[in-house]
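The values are calculated or read from the model by the stated rules, or taken from the named source; none is laboratory data. What you are looking at is a predicted structure, and each value in this text was computed from that prediction instead of being measured. Cβ coordinates were reconstructed from backbone atoms using ideal geometry, including for glycine residues, and neighbour counts include every protein chain displayed. Remember, those area values only see protein heavy atoms, side chains included, never the ligands or the DNA or RNA. Shrake-Rupley method; radii C 1.70, N 1.55, O 1.52, S 1.80 Å.
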Amino acid sequence: MVVLDGKALSTTIKNEIRQEVDQIIAKGDRPPHLAAVLVGNNPASEAYVGNKVRSCEQVGFSSTLVRRPESITEDELLAIVQDLNDDPEIDGFIVQLPLPDHINEEKVTLAINPKKDVDGFHPLNFGRMAQGLPAYLPATPQGVLLLLERNGIETSGQHVVIVGRSNIVGTPLGILLSRKDKMGNATVTMTHSRTRDLAAETRRADILVAAIGIPNFISADMVKEGVVVIDVGINRIADASRKSGSRLVGDVDYDAVAPKAKAITPVPGGVGPMTVTALMLNTLKARRKEIRY
Ligand code: GUN
């Protein structure tokens, strides 16, 4: 069984990005600049945005964190988005989700200039991705593809079963893996809460992707011998034996499933670091204006 080490791979890719940034600076140009907007004090969002800012430092990007209280109005947030759209020094930016209930996430996402939408959440980027046109690919699906590719895991002709159909993970990953592309050509089964006999579906997977946000949901009897398991879940559960009183677990019961797997991602240290690294790759693309609309 191979542990797919996303932490080590993300360090390797970040070093590659750093070298490209050094070349940009050596030419006398400014480094890529990512901005993140964080509304409120959601602990998970704070942690994710903190990782993004730290990663920017590691790869030599400039970063700007725009923090606003939970009480910000939708119009105020839209004005911040407009300012970032108009700022020539900002190559790309993200608005960390979830937003408070009084703010319409769709409206905010639509307000982001697609050329700066390094999350790949704008419908223009999503639609271009679905049609196989150049686009910013959403970070988590892109991170999963990189993890498979750089570990030599073939997707062509493989049966991939995805558990969870979210707009930011399951659905785009299904589209990408079934595309006619290097890390595509898979046969994809998309499963969700209404799927009948889920275990029968997951047991057919050559590659199983768990992205539902339920701790330890995938048990050993739900996978076949030799499966490749990609665990996208990041769930915090109580653990009295830890000083913090909690720990992170994935959507897969790792200890039970790993012995049956050919390869598996750990949590933490699997998909999570790859997601942040994919955002850095998108920001580098934005700096180079690589995607033409
Ligand atoms: N919330 C959870 N994941 C993400 C992400 O990838 N981008 C943003 N903006 N918010 C998120």
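Condition first: within 20 Å of T140 (Cα to Cα) and small (G, A, S). Can you find one or more residues in the stretch 22-30 that meet it? Among the residues of the stretch 22-30, not one is within 20 Å of T140 (Cα to Cα) and small (G, A, S), which makes the answer no. When the residues of the stretch 76-102 are narrowed to those that are more than 22 Å from V53 (Cβ to Cβ) and within 16 Å of the ligand (Cβ to nearest atom), which ends up surrounded by the most Cβ atoms within 10 Å (Cβ to Cβ)? Only one residue tops the list, namely L78.
For the stretch 114-148, the set of residues classified as touching a residue at least 24 places away in the same chain (Cβ under 8 Å), over 23 Å from K182 (Cβ atoms), open to solvent by 50 Å² or more (accessible area, probe 1.4 Å) and of a type outside the set (A, V, I, L, M) consists of K115, F121, listed by residue number.
Under the condition of being in contact with a strand residue (DSSP E or B) (Cβ under 6 Å, 6 or more places away or on another chain) and open to solvent by 10 Å² or more (accessible area, probe 1.4 Å), the residues counted in the stretch 167-185 number 1. For the condition within 16 Å of the chain's Cα centre (by Cα) and either within 13 Å of the ligand (Cβ to nearest atom) or farther than 20 Å from T277 by Cβ (or both), A47 qualifies. Reported count of residues in the stretch 234-262, each being of a type outside the set (G, A, S) and in a strand (DSSP E or B), is 8.
No other residue among N41, N15, N113, N104 is closer than 30 Å to L208 by Cα and either under 19 Å from the mean Cα position of the chain (by Cα) or of a type outside the set (V, I, T) (or both) apart from N15. Suppose the filter is more than 21 Å from S10 (Cα to Cα) and modelled with pLDDT under 95; does R292 pass it? Judged against the criteria, R292 is a match. Of all positions in the stretch 3-19, at least one carries a residue that is basic (K, R), touching a residue at least 12 places away in the same chain (Cβ under 8 Å), surrounded by fewer than 18 Cβ atoms within 10 Å (Cβ to Cβ) and over 30 Å from A261 (Cβ atoms). Taking residues in the stretch 240-252 that are β-branched (V, I, T), and partners anywhere that are open to solvent by less than 30 Å² (accessible area, probe 1.4 Å), the pairs with Cβ atoms closer than 8 Å and at least 6 places apart or on different chains are V249/G233; V249/N235; V252/A210; V252/I218; V252/V229; V252/D231; V252/G233; V252/I264.
Do we find that P266 is more than 24 Å from D197 (Cα to Cα), part of a helix (DSSP H, G or I) and modelled with pLDDT of 95 or more in this structure? Criteria not met by P266.
Looking at G233, G226, G245, just one residue is open to solvent by less than 70 Å² (accessible area, probe 1.4 Å), under 26 Å from I94 (Cβ atoms) and not aromatic (F, W, Y), and that residue is G233.
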